[in-house]
Amino acid sequence: MLIGEYQHNIDPKGRVIMPSKFREDLGSSFFITKGLDGCLFVLSPDEWTRMQEKIGAMPLSRARGLQRFFFSGAVEAQPDRQGRFLIPQPLRDYAALSKDVTIIGASSRAEIWDTERWEAFNSTLTQDSIAEAMDSLEL
């Protein structure tokens with residue numbers, strides 16, 4: 001399970017360090033794709049395959065938008081010995097990544113956020129909205 005929040009910087013070549021705890025769960029390579037709410041999703045090969053299978057099982061009329069969104073700009077990344085990996089420019093542009101990024105664990109995936117965007121997203125969450133979501137889960 002991917003949990004936690006880590007602050008990193010993108011270097012001039014577009015590389016960032018994947019936290020070592022996440023590298024253990026993600027493996028020696030992982031997939032990066034556009035995510036929701038303006039972030040990037042990072043998926044292990046197993047999670048990537050699971051997503052492909054679920055989308056592939058949908059009728060094309062419902063799946064085509066998801067296929068285009070998630071697969072068109074996706075890349076497979078392999079961190080170097082320091083844990084750095086390249087985020088291609090189109091994905092950096094999509095997530096408006098500047099120098100400061102926040103990498104979070106979101107259970108079965110990691111997410112890469114521009115730090116300012118992450119802070120803005122968090123400011124929209126209220127105790128009431130969290131409590132309402134927990135009620136629907138019967139927690």
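Key figures for this structure:
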| read-out | value |
| --- | --- |
| Charged-residue dipole, Cβ positions (Lys, Arg, Asp, Glu), the range 47-93 about Cα centre, Debye nearest 20 | 140 |
| Under 25 Å from the Cα of Lys99 - lysines, other chains or at least 8 residues apart | Lys13, Lys21, Lys34 |
| Given charges at Cβ of Lys, Arg, Asp, Glu: the range 11-135 dipole, positive-most of Ile32, Ala106, Trp118 | Ile32 |
| Highest-MSF residue in the chain out of Leu91, Leu125, Leu60 [GNM, Cα springs under 10 Å] | Leu125 |
| Size of charge dipole - the chain - debye, nearest 20, with Cβ of Lys, Arg +1 and Asp, Glu -1, no other charges | 760 |
| Electrostatic dipole magnitude of the range 71-119 [Cβ: Lys, Arg +1; Asp, Glu -1; Cα centre; debye, to 20] | 160 |
| Distance between the range 25-65 and the range 102-124 - C-alpha centres, whole angstrom | 17 |
| Spatial extent of the chain: Rg and Dmax, with the Cα atoms as the point set, Å | 15.7, 46 |
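All of the numbers you see were taken from the coordinates with simple rules; none came from a lab. Source: prediction; values computed, not measured. All Cβ positions, glycine included, derive from the backbone under ideal geometry; neighbour counts span all protein chains shown.
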